[in-house]
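What follows is a set of notes on a single structure, which appears directly below.
Throughout, read-outs are computed from the coordinates displayed, never taken from laboratory work. Predicted model only: the values in this text are computed from it and were never measured. Heads up, the Cβs are rebuilt from the backbone with ideal geometry, glycines too, and the neighbour counts pull from every protein chain shown.
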Amino acid sequence: MFLSVFEMFKCGLGPSSSHTMGPMVAAARFLDQLRASPFAAHGLRASLHGSLAFTGVGHATDRAVILGLAGFQPETYDRARADATLEQVKSTRRVSPDGLAPLAFDPKIDLVFDYEHALPGHANGMILKAVDAQGDVIAQEIYYSVGGGFVLTAAELAAGKDTDDGPPVPHAFKSAAQMLQMCADSGKSIAALKRENELSRMPADQLDKGLNELWTVMNACIERGLETGGVLPGGLNVRRRAPGIHASLLAERGNNLSAPHTINDWISVYAMAVNEENAGGGQVVTAPTNGAAGVIPATIRYWLDHVPGAAPSQVGEFLLTAAAIGGLIKHNASISGAECGCQAEVGSAAAMAAAGFAAVLGGTPEQVENAAEIALEHHLGMTCDPVRGLVQVPCIERNGLGAIKAVSSASLAVRGDGQHFVPLDAAIETMRQTGVEMSEKYKETSLGGLAVNVPNC
C-alpha cells in the first residue's frame, strides 16, 4: 500500500477538499472523457447527492462544479479569473472548456441538488452527464468524492481501486504493526521508510523541493490568515479572529505576567489563521482535508517558533512521518467527514501532526506510533455538524484544539518508552466502526448537532 506524500498533502482551494476540490476534480475527469469520445456533446448536466447536496451550497460545491465544467482545476485555480468565468457562465448559460466546443449548461436548470436520492457508494456522490442536441444522454459517469480531494468513479470504488497503480515500493506497510516491524528490522525511522518509498518513484531533489513547497504554501497561508481581518462569507457573519488574537499575543511577549497556558493560544491562532483562510475560499494545503487543514501547519509553526532546537531542515521529516500515518488511516478507515464524522478529519490530522511532532522531537518509531494513537483516540466519536453547512462553526476553533491535542499527545508519548495499551491500528479500526454506526445526521449533512441547535443567522 503506497500513498505519496504529495497525494496526502495537495495544494488546493477552500472551503472543502471533499465538497469543493473533489467535485472540481470530478468535472475535470469528465471533460477528459468527453475529449476522448467520438461523440460530440451539446450540453452538460450535473446532480449532487447525499452530503454534497445537503451542505453543497455552504461548501461552494455548486461553484466548484460550474468552474470544473468550465475547465478549472484546484492546483491552478485563479480566484479573479474564476469569478469572471462564473458570471459569464451564468449569463451565457454555456461553458467553454479547452479542447471542446462550447457546451450548453444553465446552472439554474442543469445543476440539481438531489436531497432525496443518496448514491450507494459513498455519502459524497455526484452524477455528470453529457447530452446531444436532442437532449439524449450520450455519456454519464458517477463520481464519489471520498475525502481529501480524492475522487473515484463508481466502477473504481466497487473494484476497491487503490490510490496507487505504480510498481511495488521498498516498504509496503498496510498497518502500524507492519510499519513498526519494518522499522525494527531495518533500524530506520518511519520518515526514512517513507522517504525510500517516495524515492522509488522520484529523484531526491524533486522530493525535497516538493516538501519545501508544501511547507512554503502552508506557512504563507498562516501569514495571510494572521493579517487578514473582516467577516467570512456565507451569511453567518463570523468575524475573522486570528489577526486580533495574534496582535494581542505579540503585545504580551516578554511580559512576565503572561500565563504559561498562553502557549495554547499561539498554537490555536496558527490553526485558526489557516482555517479562516480556508473558509474564505483561499489557497490551503489539504492536511489531510481542507476542513482539518490548520492542525498540521499550526503544529509545525509552533515547533519552529517556540521549541528550542527546532530546525527548518527537519520539516520534511515531519511531513513524511505525518503522511505515513495519514496513509494508514485513509487505507484502513477514512479521512472523510461525510463518511465518518469529524473524527476522520480533525482526528486524523491531529494523529498525523502528533506523529510528525514526536518524530522531530527525536521520538522512536514506537513513541511516534503512540503519539498518533493518543491523538486519534481522544477524537473518537467527534461529529461533523457545520452550522449552515459552512466550514466555519465549529470547524475553525476545532482545528486549534486539534493542534493542542497533537502537541500534548506527542509530548506525553516521548516521555514514555513507546509501550502503551491501545495500538494505533485498534484506534483506527475503532474510528472506522464508530463512523459506520454514527447517525447520518452527524456526518456533514447539517441535519443534527450544532447545525440545528444554533441560529443560522
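For the reader, a short list of remarks on this structure follows.
- In this entry, the stretch 148-292 is assigned a mean projected area of 13.8 nm², taken as a quarter of its C-alpha convex hull surface.
- Percent of C-alpha pairs per 10 Å bin in the stretch 17-158, short distances first: 13, 47, 35, 5.
- Using θ = phi - 60° and Karplus 6.51 cos²θ - 1.76 cosθ + 1.60, couplings along the stretch 139-144 (whole Hz; Gly, Pro as x): 7, 8, 8, 9, 10, 10
- Under a 5 Å amide H cut-off, with hydrogens placed 1.01 Å from N, Ile138 pairs with Ala130, Val131, Asp132 among residues at least 5 apart or on other chains.
- Over the stretch 207-362, the hull volume per residue, using the convex hull of the C-alpha atoms, is 122 Å³.
- Taking all pairs of distinct alpha-carbon atoms in the chain, Kirkwood radius in angstrom: 22.3
- Membrane-span-like helices of the chain, defined as complete DSSP H segments with a Cα extent of 27 Å or more along the helix axis and a mean Kyte hydropathy of at least 0.5, are identified as 395-414.
- Summing Lys and Arg as +1 and Asp and Glu as -1 over all other residues whose Cβ lies under 13 Å from the Cβ of Ala36 gives a net charge of 0.
- Inverse mean reciprocal Cα-Cα distance (Kirkwood Rh) of the stretch 149-208, Å: 13.4
- Mean projected area of the convex hull spanned by the Cα atoms of the stretch 304-457, taken over all viewing directions: 9.3 nm².
- Net charge dipole size for the chain [Lys, Arg +1 and Asp, Glu -1 on Cβ; Debye, nearest 20]: 780
- Over the stretch 19-93: Rg over Rh, Cα atoms, Kirkwood Rh: 0.97
- Stretching the chain fully between Arg253 and Leu380 yields a gain of 42.2 nm (0.36 nm per residue, less the alpha carbon separation).
- Using a Förster distance of 35 Å, the FRET efficiency for Phe113-Lys161 (Cβ separation, nearest 0.05): 0.80
- Long-range amide H partners of Leu13 with built H, under 5 Å: Val284
- Where N is the number of residues in the stretch 197-237, Cα Rg divided by 2.2 N^0.38 Å: 1.88
- Pairs beyond 28 Å (Cα-Cα), from Lys90/Lys209; Lys129/Lys209; Lys10/Lys194; Lys90/Lys441; Lys405/Lys443; Lys10/Lys108: Lys90/Lys209; Lys129/Lys209; Lys90/Lys441; Lys10/Lys108
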